[in-house]
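Rule-based calculations on the coordinates, nothing more; no lab input. Nothing here was measured: the structure is a model prediction, and the numbers come from that model. No Cβ is skipped: glycine too gets one built from the backbone with ideal geometry, and neighbour counts run over all protein chains shown.
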Amino acid sequence: MGEEFSEGQFLGLAPIDGDADIVILSLPYELTTSYGQGTANGPAACIEASGQVELYDSLLDDDLPAGYSIVTAQPWDGEGGTLEEQLEGIEQYLKEWFTGDAFPVVLGGEHGSLPAEMRALSNHPTLGGNLDRLTLVQIDAHADLRDELDGEKYSHACAARRALDEGVGNLIQIGIRAYSREEEDFITNDERVNTWFARDFITPCGGEKVWHALLAEISRIEGPVWLTLDIDGLDGSLVPDTGTPVPGGLAYWQAIEVIEGLFSASGAEVIGADVVEIVPGSESNLTQFTAAMLATKIIAAHLASL
């Protein structure tokens, strides 16, 4: 495992041939996007942009990698003639790294990869084959709880619903503001789902109280956690080139508070994360740079929690 690495290294760090403490995994996946295109190029753009990210984080006493090994693995090969074959390929690609030996940060690619991520994660030693023990924390503009979109059950718009079908026990959604009536009914009636709508904590009237309630909820999480961060969960002004930018989302520092709060929760064990729906901008690097900043914060928060 880990004997081959891509030429582009996350944060511009020198390639490492030994064992990884943290591994950067790229999913140039784009098969069911329904609006803006380009997520297949997102991981490489994010890695390139990360070379401009400062290596200092106030959570740590040293610049990244802070004495740890951060390895950038070869990306998924993208092979597969059908959607099912591609998802199977993603699962097999990730399984090699989802062993508990290294902390995985997955860069995507459309959010439709999430069910394959969950299948690969089910063998993680912390879960013991039981995804019911997992809390999935989802930062997103969209609920992704449709049962199908245009006849496709593995559309990116169904990612969270399919993750629950894979056996995920708890889903905490943060920043949701674009969803269907079907999804609202699902949120209301499925006890596994706890949704924090952007309007409730961003509104000038009472929003601060709801925001602190959300942070308190995060601090009480128990057991294994996977963070899935669709960058369109942030306000569209911060990620203008993501596939479906939506106004009224999280500010950058709100996203940072969620990440830091999650990793500092005393009863939680974050076993990995993804940052997805990255689309490189043709006129600005802001979208991929924001994604690189968030991925770097996840790494720093993980190391600070050790």
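Remarks
- Within the stretch 10-305, percent of DSSP bridges classed antiparallel, to nearest 5: 5
- Largest mean-square fluctuation among 96, 283, 183, in a Gaussian network model of the chain whose springs join Cα atoms under 10 Å apart, belongs to 283.
- The alpha-carbon positions of the stretch 243-306 define a convex hull whose volume is 94 Å³ per residue.
- Positive-end ranking of 289, 244, 263 along the dipole of the chain, with charges on Cβ about the Cα centre, is headed by 263.
- Label point at residue 264 placed 7 Å out along Cα→Cβ; residues across the stretch 41-83 whose backbone nitrogen lies under 13 Å: 58-60
- Length gained when the stretch residue 185-residue 52 is fully extended (0.36 nm per residue, less Cα-Cα span): 43.6 nm
- Dipole magnitude (debye, nearest 20) for the stretch 194-287, charges at Cβ of Lys, Arg, Asp, Glu: 260
- Shown is the FRET efficiency for residue 126 and residue 304, computed with R0 = 22 Å from the Cβ-Cβ distance and rounded to the nearest 0.05: 0.70.
- Result for the chain in a Gaussian network model with C-alpha springs under 10 Å: among 181, 162, 146, the largest mean-square fluctuation is at 181.
- Dipole size of the chain about its Cα centre, with +1 on Lys/Arg Cβ and -1 on Asp/Glu Cβ: approximately 800 debye, rounded to the nearest 20.
- In this simple spin-label model, placing a label point 7 Å from the Cα along the Cα-to-Cβ direction at both residue 99 and residue 253 gives a separation of 4.3 nm.
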